[in-house]
Each structure stands twice: as structure tokens, then as C-alpha cells.
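Undergrad: Sharing a structure, written as C-alpha cells. Questions coming.
The values are calculated or read from the model by the stated rules, or taken from the named source; none is laboratory data. Because the structure is a prediction, the values reported are computed rather than measured. Cβ placement follows ideal geometry from the backbone for every residue including glycine, while neighbour counts extend to all protein chains displayed.
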Amino acid sequence: MSTTGEQARQAAAIAQSATVQTPLRRFLSDFFESKVATAAVAVFAIILFIAIFAPWISPQNPYDLMVVDVMDSRMPPGEKSLTGMTFVLGSDGAGRDMLSAIFYGLRTSLGVGVMSGIIALGIGMAVGLAAAYFGGRTDTLIMRVVDLQLSFPAILIALILLSILGKGVDKIIIALVIAQWAYYARTVRGSALVERSKEYIEAATCLALSHRRIVFRHLLPNVLPPLIVVGTLQTAHAISLEATLSFLGVGLPQTEPSLGLLISNGFEYMLSGKYWISFFPGVALLITIVSINLVGDQLRDVLNPRLER
Amino acid sequence: MSRDGRETRYEPADACASAAGAAAVTRPAGDTLIVEDLQTWFFTKAGVVKAVNGVSFGISKGEVMGLVGESGSGKSVTGFSVLGIVDPPGEIVGGSIRFQGRELVGLDEIAMRQIRGSRIAMIFQDPMMTLNPVLRIDTQMIEAIRAHARVSRAAAYARAREVLLKVGIASPDERLKAYPHQFSGGMRQRVAIAIALLNEPDLIIADEPTTALDVTIQAQILYEAQKLCRETGTALIWITHDLTVVAGLADRICVMYAGRDVEQGDVDAVLDHPMHPYTFGLIGSVPSRNRRGRPLHQIPGMTPSLLNLPPGCAFRARCDRASDECHREPPVLEYGCDRRARCFHPHFEGPS
Amino acid sequence: MSVFITRRILQSLVVVFVMSLLVFFGVNIVGDPVDMLINPEADQEDIEAAIRALGLDRPIHEQYWYFLVNALKGDLGKSFIFAEPALKLILQRMPATLELAFAAMFLAVVIGIPLGVFAGLRPHSKVSKTIMAGSILGFSLPTFWVGLMFIMIFAVMLGWLPSTGRGETTSLLGIQVSFLTLDGLSHLLLPALNLALFKMSLVIRLARAGTREVALQDYIKFARAKGLSPSRVVLVHVMKNILIPVVTVLGLELGGVIAFAVVTETVFAWPGMGKLLIDSIQLLDRPVVVAYLMITVLMFIVINLVVDILYSILDPRVRLKDVKS
């Protein structure tokens, strides 16, 4: 009798723990277990807020020629402008408030990074799933192309494309998408293949479920965790890449400066000791990329059960 | 509730019978190794895992002891504890390990290293994993010799060659130049055994060394192990979950369950007349002991999680003899000079 | 083994062919070849003459054939700016880029591996956590911005190291190199460190992950059970196992380092082929851009080929698999 009592207690305990720990809740509690990751999420939320609401929270519109005065150019941080506004982070060569320029630059940088990330993810996911699901020749052909592209660094591909396409927001997004889709395709195919070989997919096939149902209801959910991780890290990479390309003068035009272009514009002043024009946009870029990378790292740790934590 | 009355009582045949039921527990004996109340715990994020929680046994020169239990019962951790190679978060938190009269628990790392591989050697379970895949066999053998003796490479090589021949590896010169992946599983285990023998240790701990091998190779290795102990007087602890191996090889047996030694004694005595209900069940579930066509006996339930194990007998949830008493720590019962079991309700009849 | 090498070389030739197709059609279909290949400042007559000379009035497949034949002869067009063969310009600047790339790889390995192995052996210590935080920074910091900060701190504020150029060079086997003179070395240090930073983070991570995985293997426990000293266990048993993946990845990353040298060369005005590329893009000197692309593609393919072959030599297990297959 004591045995059955014990078993009943154990069963009850198991049942209880199952109701409390839904997958989402467990994910959230695992994720926020790390203080660093929690802080990174908070920082990223602030950056996102700034990027979205830049036109409303900036001290000035740095691209409104009526507001900007060349007489205010190259003011060190803390100086006041002719109109009495304080340049918290100084002003650039054209007399723009650096803080406002950074807010607007964040908007452009994040916009380009996230946009290209989403498009590349979409294309990569479709191609990767197709390769894994259909296998055979389709798979071989797709993966040859992916491998070929991945053997060249993204920056080289983007440089070449932009040297053919020219400058512009749309063009840099195209270049970033082409430079990145293969990473997503490989990730999706890899994890989809692992899932595909599992028995439940075989069972679903035996039940004569449609291709679409198997792919979207069975394969996709299992492919998502690694895809989210790669997506996060790749977005950070895309932002960094865009900044680099803009710095090299092949990315965005001067009319839509991202953080990279702001840094590039300040380069010439740096040698004469006017550090703030390059330094602060760089710090903003760094904080953005680090916070996204930290979130991505924690996502990888939490979503990968194999990893000993 | 008492079952003792209606069953034929097991009477130990040896002269030490008078000690039966004595209140004072005698300490484990042996001239090579004495482990007493060893506790090795793992401090994980989820809590303390008491992998080994009070194990005592002794072993003498030339003796073979079978250390038996299910996976996760703490057999391997006991072996690692003796060698002092428990990885963090594991730690020896209590008890004593005396090797040839010398206390090993708390011994400094340099002194411990001189014993490791030299006086006490270990053979691991999976021969595919114990040899470093990117180092040649000669490198791996010579370094084991030169870690303990100042000898020339040539002398170490000659010794390696000699031992390989001894464990039945033909054309050792060719083999020494090879990488592990060029060997079969059985061959690799022979190499691992050869490495254990290189420095003529006084104690070998073999952690399920034949589990991953074919039956024929298993038999050869068992035969050689037995021969070795007889010839050299090396004491051998043979960790296994396979009772038939123990029956054929060991002089003594120690059965572990959930980090405890639950029963130990002379191998024939324990196998013929198990006292602890766990040993009883274990012997009952060996297929060859059952009649053809009859369903096999099995022990109900699963090994309990060692994480936050409640006090009392860990086997009680699976035990058909358990009573409320079993929520308390079971006593160590001694029958004969060498026979002990931790149980409130031991069997005194042979297995059915 | 030779079957494997032959097969890989054939594969590489196919890739070169495919890439030449892509480059050619990229230039000729996406862009206007007249714009791409002919000096925009030339007058109408010159343009006509150039179109005929380049065969742009012929059908596209014939044009490709010309391009291929010329490329095989080593003729990748003439620079508008320098009025010299584009290939020659690039080959002149290649040693500077390669020196920078190898110096960066060297720094990445000699600093990265010890830090990574340490972090792998003691994953929970404060030092390890600092190392890993540093590697996240190294991954996140955009190379060009770090370069700027290096210049600001070490050249402008402290005045310790020069910020532009190669400095004094000496001839080594007929190639001009910086690292043999003190002046050249001082010029090389900042750019090399700048370029190394990203790869160093990668090496640290690889070495740490490898060490953590290898440290859990039975053969490491067995090595300890043999009574080996901790230094021998780490330096021989752990190191040799993690070196194979690290070396492979690094070999494959060499191409990436050469590509990323574009950024570092621009920041530090290092006279390599990357700087030439950026200058050419900005000056619309397209033949040089096309030539750079073809040369880099070729270089990449050769690097990948060499790494594959080296890998099969390094890892005894790969050799065996190849014999079987």
C-alpha cells in the first residue's frame, strides 16, 4: 500500500510540473535567467524605440537645411548652437547635431539590417525547406549553389554587387539579401533534414497528409529555433556589413546617412583630434550590434538543449 | 508482517557464522584497497546528485571483486573516486579511500598523479573512446611509461611492445605505428588493457570493459584478466551490470543501488542466496536462470533519480517487501565475516 | 588519395568556369558593358573603336569566348586611370595584401588559441568570462571603426605608431615586405591587429568550444588516469584534437581575411589590392574591378582546394574514409 501511495504522489508531481511548465514559459524563464541577456533585451528595446520614433524625439531634424547652420560645424560635445540648442554629442562638419544624426542614422541602419534580414530569411527558408523536403537532384543543385556562394565572404559579394548596381537603400538591401540568403538556406536545410529523418514525419507521410501540411505544420515548427538564432545573429551581421559598405563609400548615398556613413564622414576630422564626429556614431553602432549578438547568443544557448549550460 | 519464521533460514557455511546479526558493524577488510563510507556528490544547478552516497568495501591482493549495479547506480563514479579523477561539479565529500594503507582522499594532486596509472590503473567502458584518435598508439603507450619512470624512449618502446604481445596482439611493431581508428573494438580494448598493465599496477579498476565487445572477444578478455590476477597478484575491481560475467570471474561481489552498496560477499554465496530484495530481483531477471517459455522476472519501476533522493531505503518504491520502516535508514546486517546487506527485510531463502 | 585530389581539382575548374560566366554576364547584362569597360571620358570615335576592339558588336556568346580566351592569356583589360594592364596593377599590390592577411592570421592564432583553450578548460572562472565577453566584442565591433579608434588612440593621441602606409620595405625573395624592418613592422602592427580582431574572436570561440568538447571525452579522462601531467594532457591530448578544426576553419577564413583587408587597407591607407579595388570602384575604373574579382575568385578556389587537401593529410580519420569511398 505504501508503494501505490508513493507512485500516486510521483504521478501527481509529474502532472503538476507539466501544467506549470509550458514550452513558452520555460523558454522565457530560461532566457531571462541570464542577467546579461536581460540587459541586452532592454538595451535593444530602447534602440528600437529610438529608431522608430527618431523624428519625434531628436533635438533637431539634421536633414532640414533650414535648421542646420554651417556656422555651427565641428562643435565639441556640450557647446551651444547659434540658436541656443546644446550639442550634447557635438556637431558634425555641416553643423548638424550629432545626437540627432545618430538617432536618424540608427533608423536607417536598423531599417536596412532588419529589412534585408527578413527578406533573406524568407528566401533562404523557402529554398532550404524545398531542398530538404524534395531531396535528390533539387537538393544537390540548391546546395551546390549555396556552398559555392558560402565559399565567398559576404563582404566581397556585396562589394561586387554594389560596384555594379550603384548606391541606394534599395540597392544595398538587394546586395545584403543576396549576400545572406545562403546562410539561412543552409541552416533550414540542415535542421529540416534532421527532422525529416525522424519517425513522426514518416508517420505523417504514411497518413497521406499533403506536402503543404507536412512542410508547414510538421517541418517548419521544428526548424524555427535554429532559424531564429541564425536570424538574430545575421541581422547584427547585416547591420555591421551595411555600415562597412557605407564607410567604404559603396553603400548608402549622403542623403540617407546610416551610422556607417556618419563614421565615414567624421574620419577626416579624426586626425585633427575632433573625435566625436566618428566616435559617437561608432558607439551607437557597437551598442546596437552587441545587444543583438548577446540576445542571439542567449537564444542559441536556450534553444539548443544539447548544450550543457 | 514478519516473514522470517515461515521460511528456511539461510545458514552461512563458513566459520564466521557467529557474527550473524551482530550490532557492531565490522569494518571492511583488504590489504590493497579499503573504501569506507565513500560519498561523491555532484553539485549541479538542479541540486545535489548523490551519485555515491556511502559505499564501503575492501579488496586484497590477487582478488577479483565484481562491482555490480544498474546504469546510474554509482559504480563508475566509485571507480573514478578511487583514482581521484572525478570531474567537477563532482566532488568527494566524505569517507575514506585507503590504498596500501595510504589515505587517498585529500591527497595532493602531485602525489595522486604518481599513483594514478602506476599503482592503480583503470580500463574504461568504451574502447572506441578511450584512445586519443589523433595520436599514434606508440605515443599513447610511451607517455604512460615515461610519466612514471625516467626511462629512454627506446626502453619505453620495448616495454610497450612486450606488453602488447602479452595481451595477445600479434606484430606489435606494426601496431605501435598505427592510429586507433585502424583497430577493431576488441583490439582497442586490448591496447587499453596493455596501457593499464604497462607499469605493473597493484590494482586495476575495469569499468565495464567488455560491454561494448562481441561475446567471443569478451570471453578471451575475461580469461586473460583472470589469468593476470592469479599470476601477478594484482587486485581487480570489475565494474559491470552483467551478473553472468561476475559469476564466472569474480571472487567477491558488491552490489550497488542508487549510490549505496546494498549487498556484498563471496560471489557464490551472494548469487546462490541473495539477501537484499534488489539482488534477489536482479538474479531472478537473468534470462538463463528462467525456464523457457515462462515470462522473465523483472523488477518493477525505474531507478530513482539521484537528485534530492529522500532518506531511507532507495529501493523501497520497487520492493515487494517494503514496509513503513523502510522510510528510515536500513541497518547494515552482517552474516558471516564477509557478508553484509542493508535491509530491514532480507531474504533468507534462495532465489525461486 | 590521388583520386580525391584529381576530383577536387576538376571540381575547382568547374567553379572557375561558372564564376567567369557569372562575372561576365554580371558585367554585360546587369551593367552596360560600354559603361563598364570603356573610359567614360573617351570621345565618340574612341568609343566606336573600343567597342570594335573589345568585340562588343559581336553576339554575346562570342564575346564571352573572347573574354575567356583573353583571360586565359592573362589579359583582363587595361585600367582607364593608370593606362596599364589591370592584372599587372593587381599583382603589384598583392604582396602587400598577403603580408597583411598572413600577419593578421598569425596574430589571431597566437593570441586566440591560448585564450580559447584557457576559457574552455575553466569555463566558469572570471578570466574565462572576461575572455568570452571580449570575443563577443570582437565579433560585434565593426572592423573599420576599430581601425579608426586604433588610429585615434595610438597614432593621434599617443603618437606611438604610424597610421598610414607600409613604411620601409625590404626585398625577400624578390617580394617587397614590411615585417623585416622596424619601421615596416611598426606600420604593420596596427593594421594587422585590426584585421586580426574578428578572426581572433572566431579562433577563441572555436578553441573554447573544441576544448570543452574534447575535455569531456573519455580519452582525456583516460589520459589523466594514466597519471599524465596536466600540461601534457592539455598541450598534447587536447591541443592536437582542437587544432584540426581550428586550422581547417582558419584556412577557409584566409579568403575572408583577404576580402576584409579591403576595409583595413582603406582605413590605414595600406597600399594593397583591396585599397586599389575601392579606389577603382570610386573612380569607375571598371577593368580593374573585373580583374580584381577574377583574381580573388581564383585565389579563393585555390585556397579552398589546398585546405581540403591539407585537411585530409592532417586528420588520419579523413584519410581512411576517403580510401573507403
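Undergrad: Could you grab me the full set of residues in region A:216-232 that are buried (at least 19 other Cβ atoms within 10 Å of the Cβ) and within 18 Å of A:I119 (Cα to Cα)?
TA: Result: A:V223, A:P226, A:L227, A:V229, A:V230, A:G231, A:T232.
Undergrad: Can you name every residue in region A:120-148 that is surrounded by fewer than 18 Cβ atoms within 10 Å (Cβ to Cβ) and in contact with a helix residue (DSSP H, G or I) (Cβ under 7 Å, 6 or more places away or on another chain)? Let's see the steps before the verdict.
TA: Just the residues of region A:120-148 that are surrounded by fewer than 18 Cβ atoms within 10 Å (Cβ to Cβ), to begin with: A:122-123, A:126, A:134-141, A:144-145, A:147-148.
Matches in region A:120-148: A:I123, A:T138, A:D139, A:L148.
Undergrad: Related question: Have a look at B:I193, B:I169 and point out the one that is surrounded by 23 or more Cβ atoms within 10 Å (Cβ to Cβ) and away from every other protein chain (no Cβ under 11 Å).
TA: B:I193
Undergrad: Another question, then. Please verify whether B:V105 is away from chain C (no Cβ under 13 Å) and surrounded by fewer than 17 Cβ atoms within 10 Å (Cβ to Cβ), treating the condition exactly as stated.
TA: For B:V105, the condition - away from chain C (no Cβ under 13 Å) and surrounded by fewer than 17 Cβ atoms within 10 Å (Cβ to Cβ) - is not met.
Undergrad: From the set of residues in region C:57-86 that are within 18 Å of C:S20 (Cα to Cα) and among the hydroxyl-bearing types (S, T, Y), which is surrounded by the most Cβ atoms within 10 Å (Cβ to Cβ)?
TA: Looking at residues that are within 18 Å of C:S20 (Cα to Cα) and among the hydroxyl-bearing types (S, T, Y), I get C:Y64.
Undergrad: Could you give me the residue pairs with C-beta distances under 8 Å whose first residue belongs to region A:139-157 and is under 14 Å from A:Y184 (Cβ atoms), whose second residue is among the charged types (D, E, K, R) wherever it lies, and which are 6+ apart or on separate chains?
TA: A:I142/A:R189; A:M143/A:R186; A:M143/A:R189; A:V146/A:R186; A:V146/A:R189; A:L150/A:R186
Undergrad: Could you grab me the full set of residues in region A:249-292 that are at pLDDT 85 or above and farther than 15 Å from A:S100 by Cα?
TA: A:L286, A:I287, A:T288, A:I289, A:V290, A:S291, A:I292
Undergrad: To continue, here is another question. Please give the number of the condition C:Y219 fails out of (1) over 14 Å from the mean Cα position of the chain (by Cα); (2) hydroxyl-bearing (S, T, Y); (3) not assigned by TED's automatic domain parsing to the domain that holds C:Q176.
TA: In the conditions (1) over 14 Å from the mean Cα position of the chain (by Cα); (2) hydroxyl-bearing (S, T, Y); (3) not assigned by TED's automatic domain parsing to the domain that holds C:Q176, C:Y219 misses (3) alone.
Undergrad: Residue check, B:F43 against (1) in contact with a Pro (Cβ under 8 Å, 6 or more places away or on another chain); (2) surrounded by fewer than 18 Cβ atoms within 10 Å (Cβ to Cβ); (3) within 29 Å of B:R190 (Cα to Cα), all met but one. Which one?
TA: (3)
Undergrad: Which residue is nearest to C:K88 (Cα to Cα), if the candidates are limited to region C:244-278 and must be free of Cβ contacts under 8 Å to residues at least 60 places away in the same chain and more than 9 Å from chain A (Cβ to nearest Cβ)?
TA: C:V249
Undergrad: Residue check, A:A203 against (1) within 25 Å of C:L202 (Cβ to Cβ); (2) away from every other protein chain (no Cβ under 14 Å), all met but one. Which one?
TA: (1)
Undergrad: Which of the numbered conditions does C:S229 fail, given that it passes all the others? Conditions: (1) surrounded by 23 or more Cβ atoms within 10 Å (Cβ to Cβ); (2) among the polar types (S, T, N, Q); (3) at the interface with chain B (Cβ under 10 Å from one of its Cβ atoms).
TA: Result: C:S229 passes all but (1).
Undergrad: Right, B:V93: in a loop (DSSP other than H, G, I, E, B), touching a Phe, Trp or Tyr at 6+ places or on another chain (Cβ under 7 Å) and either small (G, A, S) or surrounded by fewer than 23 Cβ atoms within 10 Å (Cβ to Cβ) (or both) or not? Spell out the reasoning first.
TA: Values: in a loop (DSSP other than H, G, I, E, B): no; touching a Phe, Trp or Tyr at 6+ places or on another chain (Cβ under 7 Å): yes; either small (G, A, S) or surrounded by fewer than 23 Cβ atoms within 10 Å (Cβ to Cβ) (or both): yes.
No: the conditions fail for B:V93.
Undergrad: Is there a residue in region B:50-68 that is within 14 Å of another protein chain (Cβ to nearest Cβ), modelled with pLDDT of 85 or more, surrounded by fewer than 18 Cβ atoms within 10 Å (Cβ to Cβ) and more than 26 Å from B:R190 (Cβ to Cβ)?
TA: Among the residues of region B:50-68, not one is within 14 Å of another protein chain (Cβ to nearest Cβ), modelled with pLDDT of 85 or more, surrounded by fewer than 18 Cβ atoms within 10 Å (Cβ to Cβ) and more than 26 Å from B:R190 (Cβ to Cβ), which makes the answer no.
Listed here are the residues, each with its yes/no results for (1) closer than 29 Å to B:V332 by Cα; (2) within 12 Å of the chain's Cα centre (by Cα); (3) part of a helix (DSSP H, G or I).
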site	(1), (2), (3)
B:I205	yes, yes, no
B:Y223	no, no, yes
B:L236	yes, yes, no
B:E263	yes, no, no
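Undergrad: In addition: So which helices (runs of 4 or more DSSP H) stay within region C:29-137 end to end and still have 1 or more residues that are at pLDDT 85 or above?
TA: C:86-121
Undergrad: Among the candidates C:L283, C:L197, C:L189, which residue alone is away from chain B (no Cβ under 14 Å) and crowded, with 21+ Cβ neighbours inside 10 Å?
TA: Values: C:L283 fails: crowded, with 21+ Cβ neighbours inside 10 Å; C:L189 fails: crowded, with 21+ Cβ neighbours inside 10 Å.
Unique residue meeting the criteria: C:L197.
Undergrad: Take region B:231-277 and flag every residue that is polar (S, T, N, Q), surrounded by 21 or more Cβ atoms within 10 Å (Cβ to Cβ) and under 24 Å from B:L197 (Cβ atoms).
TA: B:T234, B:T240
Undergrad: Applying the selection to region A:150-179, what residues are within 10 Å of another protein chain (Cβ to nearest Cβ), in a helix (DSSP H, G or I) and farther than 18 Å from C:V290 by Cα?
TA: The one that is within 10 Å of another protein chain (Cβ to nearest Cβ), in a helix (DSSP H, G or I) and farther than 18 Å from C:V290 by Cα: A:L150.
Undergrad: Can you pull out the residues in region C:127-159 that are among the β-branched types (V, I, T), without any contact (Cβ under 8 Å) to a residue 60 or more places away in the chain and away from every other protein chain (no Cβ under 11 Å)?
TA: Narrowing region C:127-159 to residues among the β-branched types (V, I, T): C:127, C:130-131, C:136, C:143, C:146, C:151, C:153, C:156.
With without any contact (Cβ under 8 Å) to a residue 60 or more places away in the chain added as a condition, the list becomes C:127, C:130, C:146, C:153, C:156.
Correct list: C:V127, C:T130.
Undergrad: Would you be able to tell me the number of residues in region B:297-337 that are over 22 Å from B:S285 (Cα atoms), touching a residue at least 60 places away in the same chain (Cβ under 8 Å) and surrounded by fewer than 20 Cβ atoms within 10 Å (Cβ to Cβ)?
TA: Of the residues in region B:297-337, 8 are over 22 Å from B:S285 (Cα atoms), touching a residue at least 60 places away in the same chain (Cβ under 8 Å) and surrounded by fewer than 20 Cβ atoms within 10 Å (Cβ to Cβ).
Undergrad: Hey, another quick one. May I ask you to list the residues in region B:51-89 that are among the charged types (D, E, K, R) and either farther than 22 Å from B:Y278 by Cβ or part of a loop (DSSP other than H, G, I, E, B) (or both)?
TA: Here is the first cut: in region B:51-89, the residues among the charged types (D, E, K, R) are B:61, B:63, B:70, B:75, B:87.
Correct list: B:K61, B:E63, B:E70, B:D87.
Undergrad: Right, next: Restricting attention to region B:114-141, report how many residues are over 26 Å from B:G233 (Cβ atoms) and within 28 Å of the chain's Cα centre (by Cα).
TA: Qualifying residue count, region B:114-141: 8.
Undergrad: Could you pull out every one of the helices (runs of 4 or more DSSP H) wholly within region C:237-314 that has 1 or more residues that are of a type in the set (S, T, Y) and in contact with a Leu (Cβ under 7 Å, 6 or more places away or on another chain)?
TA: C:239-268, C:286-314
Undergrad: Shifting gears a bit: Of everything in region A:257-290 that's more than 9 Å from chain C (Cβ to nearest Cβ) and outside any helix (DSSP H, G or I), which residue is surrounded by the fewest Cβ atoms within 10 Å (Cβ to Cβ)?
TA: Result: A:K274.
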